[in-house]
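As structure tokens, the structure follows; a few thoughts come after it.
None of the figures in this text is laboratory data; all of them are computed from the coordinates on show. Computed from a predicted structure; not experimentally measured. Note that we place each Cβ from the backbone using ideal geometry, even for glycine, and neighbour counts take in every protein chain shown.
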Amino acid sequence: MTHSATRRTVLLATGATALTAGCGGGDGDGDDGDRKSASPTATGGGELVRTDEIPVGGGKVLKDRKVVVTQPEKGDFKAFSAVCTHQGCTVAEVAGGTINCACHGSRFALADGAVRKGPATEPLPAERITVEDGSVRLT
């Protein structure tokens with residue numbers, strides 16, 4: 001006996017296939033650990049910025065790399081994700097001693113990315129950098 005596929009059967013099968021594919025989410029390396037601590041945007045390699053471009057007590061937002069580099073004290077360089085932890089906007093500037101998001105007004109500390117003013121409740125994730133020969137690079 002042959003059964004013809006009903007619209008309901010086709011829709012159910014299609015939905016089940018999409019659900020199965022969507023739940024995979026892995027990249028095939030077997031590591032499905034917590035990726036929240038890693039920046040969603042920054043990648044290593046290449047110079048981010050020259051050290052003489054980062055003022056002491058200030059910083060620079062590198063929107064194309066989604067990284068913000070700061071120099072809280074002379075010779076002490078830090079880097080953070082430039083993606084605000086509140087709703088994912090790219091931070092706009094480093095001014096007034098903080099990293100500032102223009103979307104909803106969150107402000108973050110230059111030295112450690114900690115929240116100085118909400119609505120964000122989580123700090124900006126730190127990026128690993130090296131500073132050598134006047135160059136700041138992601139590692």
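Where in the range 103-125 does the label zone of residue 76 land, with the point 7 angstrom along Cα→C-beta and an amide N cut-off under 13 Å? Taking a point 7 Å out along Cα→Cβ of residue 76, the residues of the range 103-125 whose backbone N falls under 13 Å are 110-113. Between the amide H of residue 106 and those of 101, 120, distances stay under 5 Å, these residues lying 5 or more places away or on another chain, with hydrogens modeled in the peptide plane. Proximity of backbone amide H atoms, modeled 1.01 Å from N, is registered between residue 48 and 136, 137, 138 at under 5 Å, excluding neighbours fewer than 5 places apart on the same chain.
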